[in-house]
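The next block holds one structure in the form of structure tokens; read it before the comments.
The values are calculated or read from the model by the stated rules, or taken from the named source; none is laboratory data. Every value quoted in this text rests on a predicted model; they were computed, and no experiment measured them. Positions of Cβ are backbone-derived with ideal geometry, glycine not excepted, and every protein chain shown enters the neighbour counts. For the accessible areas, the whole protein counts, side chains as well, though only heavy atoms, and no ligand, DNA or RNA atoms are used. Shrake-Rupley method; radii C 1.70, N 1.55, O 1.52, S 1.80 Å.
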Protein chains: 2
Amino acid sequence: MSPPSLQERFAPHSRCFGCGPANAQGLRLASHVQGDLVTASWQPDDRHQAFPGMLNGGIIGTLLDCHGNWSAAWHLMQAGGLDRPPCTVTAEYAVKLLRPTPLDQPLELTARIVAASTDRATVEAELVSAGKVRATCRGLFVAVRPGHPAYHQW
Amino acid sequence: MSPPSLQERFAPHSRCFGCGPANAQGLRLASHVQGDLVTASWQPDDRHQAFPGMLNGGIIGTLLDCHGNWSAAWHLMQAGGLDRPPCTVTAEYAVKLLRPTPLDQPLELTARIVAASTDRATVEAELVSAGKVRATCRGLFVAVRPGHPAYHQW
């Protein structure tokens, strides 16, 4: 048994398509803190293909976006001495697809914070499958304030 | 009855998660040529949420990625005088999420070519919902050669 993911700890009822534990039709990404990194493993499914045998690039972006967002939220929680993560949203993310990602292999995500202030963090992440980096992502994630539609929606 | 989409015309058996007509569990984006633009309409579903009422940013990226890729493929087909589009793949895409996108409204995508050579095109696209631009995307799409895993996979 692995320990609960960040999503299971802090947003168990979320139905986010990418990472909501309560969305049975979603990707259910589960992110874990490992020192200064946030990591995740995920098994693609045939429905997520771009073409036979290879993973869709939009699904890759979805995984990296959610994983980056949780990495930012965790960082802001730790840096701010909070007892739970702030509600962060994605301002932007950029994905580079370096080579095809196989559907029949588990993939590993790793994210790290590369810049941050009190309410936002820039995260760089990569996707490794079958021993090779397949994709990278850089995203900016921002904690929203009361009044934003996402505030306290987790 | 609308005319067949680019996907229906040229890749009716595709099971791409974002735009494959034959993937019943995918998004089934349908892109149409309108002069120099490529457009699409799409209705979000509750399973695609980020949080209640709002669309997930990864789904937004998936739509803009597939739509951009088909826009590039169509452009390269026309520019090259080909009888069908080349197999193009995404090299990179960057998404800016300007404001939340409602789940209960149809959304409209528009894409245009901003740079191209014989085997690649850069596409800028935007997503409008309820009268406001919600997201923009810039992507680079490349026609693959024989031997690439994506070649003739549509």
Show that you can apply the helix-only estimate: for chain B, add -39,500 (n - 2.57) for every DSSP H stretch of four or more residues, divide by all residues, and state [θ] at 222 nm to the nearest 500.
-6000 deg cm²/dmol
Mind grabbing the interface size between A and B? I mean buried accessible area, both sides, 1.4 Å probe, in Å² to the nearest hundred.
2900
Using a 10 Å cut-off around each Cβ of peptide B:61-74, what is the average number of partner chain Cβ atoms that fall inside?
3
Which distances, shortest first and in nm, link B:ALA24 to the matching position in the other copies, using label points set 7 Å out along Cα to C-beta?
1.7
Provide a whole-number value for the mean count of partner chain Cβ atoms within 10 Å of the Cβ atoms in peptide A:16-22.
5
FRET efficiency, 1/(1 + (r/R0)^6) with R0 30 Å, evaluated for B:GLU8 and A:ARG99 via beta carbons:
0.55
Descending semi-axes in Å of the range B:58-105, equivalent ellipsoid built from Cα gyration tensor:
28, 11, 8
Principal axis dimensions, largest first and in whole angstrom, of the range A:81-154 by Cα
42, 24, 22
Starting with the highest mean, order A:3-13, B:49-59, B:23-33 by the number of other Cβ atoms within 10 Å, averaged over the residues of each peptide.
B:49-59, B:23-33, A:3-13
Label points 7 Å out from Cα along the Cβ direction at A:ASP83 and B:GLU108: separation in nm?
4.9
Mind jotting down a quarter of the surface of the convex hull over the alpha carbons of the range A:28-73, in square nanometres, one decimal?
3.4
Any idea what the A:ARG84 label distances to the other copies are, label 7 Å down the Cα→Cβ vector, nm, shortest first?
5.3
With the charge dipole of the protein assembly as shown built from beta-carbon charges (+1 for Lys and Arg, -1 for Asp and Glu) about the Cα centre, the Cα from B:ILE113, A:ALA130, A:GLY26 projecting farthest to the positive end belongs to B:ILE113
Can you give the log10 of the normalised intensity I(q)/I(0) at q = 0.09, 0.16 Å⁻¹, computed with Debye over equal Cα scatterers of the protein assembly as shown?
-0.41, -1.30
Simple spin-label estimate for B:THR118/B:ASP36, 7 Å along Cα→Cβ, in nm, reads 2.5
Calculate the translational D of the range B:44-130 in whole µm² s⁻¹ from Stokes-Einstein, where the hydrodynamic radius comes from the Kirkwood formula applied to all Cα pairs, the temperature is 10 °C and the viscosity 1.306 mPa s.
113
Looking at the P(r) of the range B:1-145, how many percent of alpha-carbon pairs lie beyond 22 Å?
34
Using the 2.2 N^0.38 Å rule of thumb for compact globular proteins, work out how the range A:1-83 stacks up: its C-alpha Rg over that value, please.
1.15
Taking the Cα centre as origin and putting +1 on Lys and Arg beta-carbons and -1 on Asp and Glu beta-carbons, what dipole magnitude results for the protein assembly as shown, to the nearest 20 debye?
140
Orphan Cys of the protein assembly as shown, criterion: no other Cys C-beta under 4.7 Å
A:CYS16, A:CYS87, A:CYS137, B:CYS16, B:CYS87, B:CYS137
Testing the spin-label approximation: label points 7 Å from Cα along Cα→Cβ at A:HIS148 and B:ARG145. State their distance in nm.
4.6
Label position 7 Å from Cα toward Cβ: report the copy-to-copy distances for A:VAL133 in nm, one decimal, ordered from shortest.
3.2
